[in-house]
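S.K.: Before anything else, here's the structure in question.
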Amino acid sequence: MFASRRGALAALLLLCCCCFAPNAAVAELADKLRDDSELSQFYSLLEQNPVANATLALRSCTIFVPTNEAFQRYKGTAQVLYHMTTAAFSQSQLKTSVTSDMEGNPPLYITNGRNGDIYVNNARIIPSLSVELTNREGKRQVMHIIDEVLEPLTAKSSSTEMNNMDAMQFMRVADQLNLGNRTLRTYRTQVTMAKKESLFESPGFHTFLVPIDEGFKHSTRSGLVDAKVIDGHVIPNTVIFTAASEHDEPKTSAAFEDQIKVTVSFFKQKDGKMYVKSNTFLGDAKHKEGVVLAEIVKANIPIKNGVVHLIHRPLMIIDTTVTQFLQFLTDNGENGALRKFYEVIMDAGGGVLEGINNLSEVTILAPSNEAWNISSIDNIVRDRKKMTDILNMHIIKDRLNVEKIRQKNANLIAQVPTVNNRTFLYFNVRGEGADTVVTVEGGGVNATVLQADVAQTNGFVHIIDRVLGVPHTTVLGKLQTDPMMSDTYRMGQFSHFNDQLNNTLRRYTYFVPRDKAWQKTELDYPSAHKKLFMRDFYYHSKNLLERHLVIADHAYTMKELVQMSLTDTVVLQTFRDSLKVKIEEEAGHLHDEYASHEWTEYVILWNYKKINVYRPDVECTNGIIHVIDAPLLEEKDIVVSGGSYLPESSICIMLANLIMITVAKFLN
């Protein structure tokens, strides 16, 4: 009925065009479209639509025109009238939504992107190409060029009545809609059982995240979808299309009250896949705190009261172990962002996965797919033993979320042992809230946590941007970027001592005092310390650093130095002279409120001093760094400008003794 009325209206309008404006079908805006070769595909469709032609001839309108490039990416059949509205809107006049001319008049949503760009649904308006004209009837018309074809909600069959439906109506008739092979029966049933229909029927502008049936294969998962979980899948009063979404910007969900607080955010992987995550940062006995990830399997479905995104599993529900989370990578395609990590685990043999499965509490640092795309890793992957050691470097026997890392990180860089007993991880947390940045160092590699606190029943997964233990930078690059070695790097800059450390034809073993070691030196020798970090005294600092740098055909690990020390003092050729040391192994123990750990510690015996090795075997592409707790400092190193610098405490004692002797002589 509606279609026949629409056809009659088009015929009437065209008759008017013939009587009063014989050339109106090629009015100015139509001329503009016809003459622009970059818009030819849309113009071709428009020519075939009598209603669209009549609107251009006689009425005010706004028309959103996709480029030919946008049509090349689009796989469906474009609906011309969905790109038009019978009112003229400049860019500044586009607010919230406009009504399209398509049957049922479904809305087009207007949002602002990260850079101030204006979006119509998921299409960006190209700002410099908008045109405003007046047709021969004196009607104002505006054309905006967009980078994507607008896609309305459509049915599988033309006999299905489409009446501009809300989110609840959408779920009820989902089987009849063009959603691929995706069905929504399980989630729809849970919404009805929880009596939450009104949330999906509410007028306004909302974002609905709807899990597909495939996401409920886990036998008990559907029973965990209660009213609060359903609330956590709705972002009220905000329409978010993926192209305009702010990366990892938390939005308040409908599950945000005194007893439970859940935010939702969108993010995009480098492979182009879009994900959404819930973060329950205040939970209860049934709704555990932590992050849950879900891939968006069909995005940007416009409806009467907002937009729907179909997701591959429900948010908020934490019902899998870390092992199950990783196994889903191959079983049913979940968590594709970590596919490569799982493949490497399986290629290394069953021991790594079995080890994870045997841990009652575990944290995994999982490199993203892109993290594995480095040439230096190819040979290592073929070495099963080496690869197993590297994988174990990513496993922590503890439930360690960002909040616990922050507690450990108070006033220092947090040191955490891994399953690989010879390796520690060093965490650093900067910023608060949404600005929090977590970095981790392991085996000489600094990685940034891309996605933290992905919660499982027995621990957490943190997605990182590099593979730990696979060096990708030189000794110089490591010094430049590691927050624990910044003072040694700064000292080496004064004399250009650092320049040589980028040489990949040499092999370096560098004993690097950590910043805390230099701070201790400042307490003992404040005047000398000050001068060592002054450019005018670069000669002294250069001499000191040269003692720490061993240059040979081979870079020495701590294990190798221990073996060499079993028979005699080890003599290592440094930049200027030789370094005579012995290295001993000791058993280390750590007891904190979370766990008890044991590992091997190393001690350097040098010049009648015992110096702890804080971080052994930091591998680089041209050598190894050993981070130590004190500089290899001799008395002669602190003689600068002709003066010998003793600790202030020693000077005070000497003065006190001198005064006592003087007083005693005077009294006698």
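S.K.: Answer with yes or no whether Ala78 is out of contact with any His (no Cβ under 6 Å at 6 or more places or on another chain), at pLDDT 90 or above, open to solvent by less than 30 Å² (accessible area, probe 1.4 Å) and not polar (S, T, N, Q). Spell out the reasoning first.
M.R.: Numbers: out of contact with any His (no Cβ under 6 Å at 6 or more places or on another chain): yes; at pLDDT 90 or above: yes; open to solvent by less than 30 Å² (accessible area, probe 1.4 Å): yes; not polar (S, T, N, Q): yes.
So Ala78 fits the description; yes.
Every residue, every condition in (1) farther than 15 Å from Val627 by Cβ; (2) within 33 Å of the chain's Cα centre (by Cα); (3) among the aliphatic types (A, V, I, L, M), yes or no:
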residue: Met485; (1), (2), (3): no, yes, yes
residue: Tyr489; (1), (2), (3): no, yes, no
residue: Val512; (1), (2), (3): no, yes, yes
residue: Glu522; (1), (2), (3): yes, no, no
residue: Tyr539; (1), (2), (3): yes, no, no
residue: Leu544; (1), (2), (3): yes, no, yes
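S.K.: With the requirement that a residue be of a type in the set (D, E, K, R) and either under 14 Å from Asp482 (Cβ atoms) or not in a loop (DSSP other than H, G, I, E, B) (or both), what does the stretch 417-458 give you?
M.R.: The first filter runs over the stretch 417-458 and keeps only residues of a type in the set (D, E, K, R), leaving 422, 430, 432, 435, 441, 453.
Across the stretch 417-458, the qualifying residues are Arg430, Asp435, Glu441, Asp453.
S.K.: For the stretch 367-401: of the residues being of a type in the set (A, V, I, L, M, F, W, C) and free of Cβ contacts under 8 Å to residues at least 60 places away in the same chain, which is farthest from Phe424 (Cα to Cα)?
M.R.: Applying the first criterion (of a type in the set (A, V, I, L, M, F, W, C)) to the stretch 367-401 yields 371-372, 374, 377, 380-381, 387, 390-391, 393, 395-396, 400.
If we keep only those that are free of Cβ contacts under 8 Å to residues at least 60 places away in the same chain too, we end up with 381, 387, 391, 395-396.
Details: Val381: 21, Met387: 17, Leu391: 13, Ile395: 10, Ile396: 10 Å.
My answer is Val381.
S.K.: Could you please find all residues in the stretch 255-280 being part of a strand (DSSP E or B), open to solvent by 10 Å² or more (accessible area, probe 1.4 Å) and not aromatic (Phe, Trp, Tyr)? Steps first, answer last, please.
M.R.: So in the stretch 255-280, the residues part of a strand (DSSP E or B) come out as 255-256, 261-268, 274-280.
Those left that are additionally open to solvent by 10 Å² or more (accessible area, probe 1.4 Å): 256, 261, 263, 267-268, 274, 277, 279.
Within the stretch 255-280, Lys261, Thr263, Lys268, Met274, Lys277, Asn279 meet the criteria.
S.K.: Now, a different point. Out of all the residues in the stretch 254-279, which are under 28 Å from Asp465 (Cα atoms) and touching a Gly at 6+ places or on another chain (Cβ under 6 Å)? Can you show your working first?
M.R.: The initial filter retains those residues of the stretch 254-279 that are under 28 Å from Asp465 (Cα atoms), namely 262-279.
Val262, Ser278, listed by residue number.
S.K.: Since Thr252 meets every condition but one in (1) surrounded by fewer than 16 Cβ atoms within 10 Å (Cβ to Cβ); (2) not in a strand (DSSP E or B), which condition does it not meet?
M.R.: Evaluating Thr252 over (1) surrounded by fewer than 16 Cβ atoms within 10 Å (Cβ to Cβ); (2) not in a strand (DSSP E or B) leaves (2) as the failure.
S.K.: Filter the stretch 152-169 down to the residues that are crowded, with 19+ Cβ neighbours inside 10 Å and not in a loop (DSSP other than H, G, I, E, B) and list them by number.
M.R.: Answer for the stretch 152-169, where residues must be crowded, with 19+ Cβ neighbours inside 10 Å and not in a loop (DSSP other than H, G, I, E, B): Ala167, Met168.
S.K.: Shifting gears a bit: It is to be established whether one or more residues within the stretch 130-151 are open to solvent by less than 30 Å² (accessible area, probe 1.4 Å), modelled with pLDDT of 95 or more, more than 24 Å from Ile110 (Cα to Cα) and in a loop (DSSP other than H, G, I, E, B).
M.R.: no
S.K.: To continue, here is another question. Considering only the stretch 137-182, how many residues are within 31 Å of the chain's Cα centre (by Cα), more than 16 Å from Ala78 (Cβ to Cβ) and touching a residue at least 24 places away in the same chain (Cβ under 8 Å)?
M.R.: Residues meeting the conditions: 4.
S.K.: Scan the stretch 459-471 and tell me whether some residue there is open to solvent by less than 10 Å² (accessible area, probe 1.4 Å), at pLDDT below 90, outside any loop (DSSP other than H, G, I, E, B) and closer than 13 Å to Leu365 by Cβ.
M.R.: No, the stretch 459-471 contains no residue that is open to solvent by less than 10 Å² (accessible area, probe 1.4 Å), at pLDDT below 90, outside any loop (DSSP other than H, G, I, E, B) and closer than 13 Å to Leu365 by Cβ.
S.K.: Another one. Can you confirm whether Pro483 is open to solvent by 20 Å² or more (accessible area, probe 1.4 Å), within 27 Å of Val419 (Cα to Cα) and touching a Cys at 6+ places or on another chain (Cβ under 6 Å)? Before you say what the answer is, go through the steps one by one.
M.R.: Numbers: open to solvent by 20 Å² or more (accessible area, probe 1.4 Å): yes; within 27 Å of Val419 (Cα to Cα): yes; touching a Cys at 6+ places or on another chain (Cβ under 6 Å): no.
The answer is no for Pro483.
S.K.: Residue by residue through the stretch 201-225, note down the ones that are open to solvent by less than 30 Å² (accessible area, probe 1.4 Å) and over 17 Å from Lys251 (Cβ atoms).
M.R.: Of everything in the stretch 201-225, those that are open to solvent by less than 30 Å² (accessible area, probe 1.4 Å) and over 17 Å from Lys251 (Cβ atoms) turn out to be Pro211, Ile212, Gly215, Phe216, Arg221, Val225.
S.K.: Tell me, please, whether a residue that is under 28 Å from Ala285 (Cα atoms) and crowded, with 16+ Cβ neighbours inside 10 Å can be found in the stretch 170-185.
M.R.: Scanning the stretch 170-185 turns up at least one residue that is under 28 Å from Ala285 (Cα atoms) and crowded, with 16+ Cβ neighbours inside 10 Å.
S.K.: Here are some residues: Ile364, Ile356. Which one is more than 27 Å from Pro250 (Cβ to Cβ), aliphatic (A, V, I, L, M) and in contact (Cβ under 8 Å) with a residue 24 or more places away in the chain?
M.R.: Working: Ile364 fails: more than 27 Å from Pro250 (Cβ to Cβ).
Going through Ile364, Ile356 in turn, just one is more than 27 Å from Pro250 (Cβ to Cβ), aliphatic (A, V, I, L, M) and in contact (Cβ under 8 Å) with a residue 24 or more places away in the chain: Ile356.
S.K.: Same structure, new question: With the condition kept exactly as written, say whether any residue in the stretch 27-34 is of a type outside the set (Lys, Arg), farther than 13 Å from Met143 by Cα, open to solvent by 50 Å² or more (accessible area, probe 1.4 Å) and at pLDDT below 85.
M.R.: Checked against the condition, which is being of a type outside the set (Lys, Arg), farther than 13 Å from Met143 by Cα, open to solvent by 50 Å² or more (accessible area, probe 1.4 Å) and at pLDDT below 85, the stretch 27-34 yields no hits at all.
S.K.: Do we have any residue at all in the stretch 97-109 that's in contact (Cβ under 8 Å) with a residue 40 or more places away in the chain, on the phi > 0 side of the Ramachandran plot and not polar (S, T, N, Q)? Break it down into steps so the answer makes sense when it comes.
M.R.: Step one: filter the stretch 97-109 for residues in contact (Cβ under 8 Å) with a residue 40 or more places away in the chain, giving 97, 100-109.
Now restrict to residues that are on the phi > 0 side of the Ramachandran plot: 104-105.
Now narrow it down to the ones that are not polar (S, T, N, Q): 104.
Yes, the conditions are met somewhere in the stretch 97-109.
S.K.: Hey, could you check the stretch 211-244 for residues that are part of a loop (DSSP other than H, G, I, E, B) and among the β-branched types (Val, Ile, Thr) and say which is nearest to the chain's Cα centre (by Cα)?
M.R.: First, the residues of the stretch 211-244 that are part of a loop (DSSP other than H, G, I, E, B): 212, 217-220, 225-226, 232-233, 236-241.
After this cut, where a residue has to be among the β-branched types (Val, Ile, Thr) as well, the list is 212, 220, 225, 238-240.
Numbers: Ile212: 25, Thr220: 30, Val225: 27, Thr238: 23, Val239: 23, Ile240: 19 Å.
Among them, the one singled out is Ile240.
S.K.: Here is a follow-up. Restricting to the stretch 391-410, and then to whatever is part of a loop (DSSP other than H, G, I, E, B) and within 17 Å of Pro471 (Cα to Cα), can you tell me which residue is least open to solvent (accessible area, probe 1.4 Å)? Quick ask: steps written out before the conclusion?
M.R.: Quick first cut of the stretch 391-410, residues part of a loop (DSSP other than H, G, I, E, B) only: 393-394, 397-401, 409-410.
Then keep just the ones that are within 17 Å of Pro471 (Cα to Cα); that gives 393-394.
Working: Met393: 16, His394: 1 Å².
Among residues in the stretch 391-410 that are part of a loop (DSSP other than H, G, I, E, B) and within 17 Å of Pro471 (Cα to Cα), the one least open to solvent (accessible area, probe 1.4 Å) is His394.
S.K.: Further question: Return yes when Gly204 is more than 25 Å from Gln327 (Cβ to Cβ) and at pLDDT 90 or above and no when it is not. Give the derivation first.
M.R.: Working: more than 25 Å from Gln327 (Cβ to Cβ): yes; at pLDDT 90 or above: yes.
Here the answer is yes, as Gly204 does meet what is asked.
S.K.: Looking at this structure, is Phe241 open to solvent by less than 40 Å² (accessible area, probe 1.4 Å) and either free of Cβ contacts under 8 Å to residues at least 12 places away in the same chain or more than 29 Å from Lys340 (Cβ to Cβ) (or both)? Even if it seems obvious, please write down each step before you answer.
M.R.: On the way: open to solvent by less than 40 Å² (accessible area, probe 1.4 Å): yes; either free of Cβ contacts under 8 Å to residues at least 12 places away in the same chain or more than 29 Å from Lys340 (Cβ to Cβ) (or both): yes.
The answer is yes for Phe241.
S.K.: Could you list, ordered by first residue, the pairs with Cβ atoms under 7 Å in which the first is in the stretch 471-497 and of a type in the set (Asp, Glu) and the second is buried (at least 19 other Cβ atoms within 10 Å of the Cβ) and not in a helix (DSSP H, G or I), at least 6 apart or interchain?
M.R.: That search, which allows pairs on different chains as well, returns Asp482/Glu441; Asp482/Asn446.
The values are calculated or read from the model by the stated rules, or taken from the named source; none is laboratory data. Bear in mind that the values here come from a model prediction, so they are computed numbers and not experimental data. With ideal geometry, Cβ positions are generated from the backbone for all residues, glycine too; neighbour counts draw on all protein chains shown. Remember, those area values only see protein heavy atoms, side chains included, never the ligands or the DNA or RNA. Shrake-Rupley method; radii C 1.70, N 1.55, O 1.52, S 1.80 Å.
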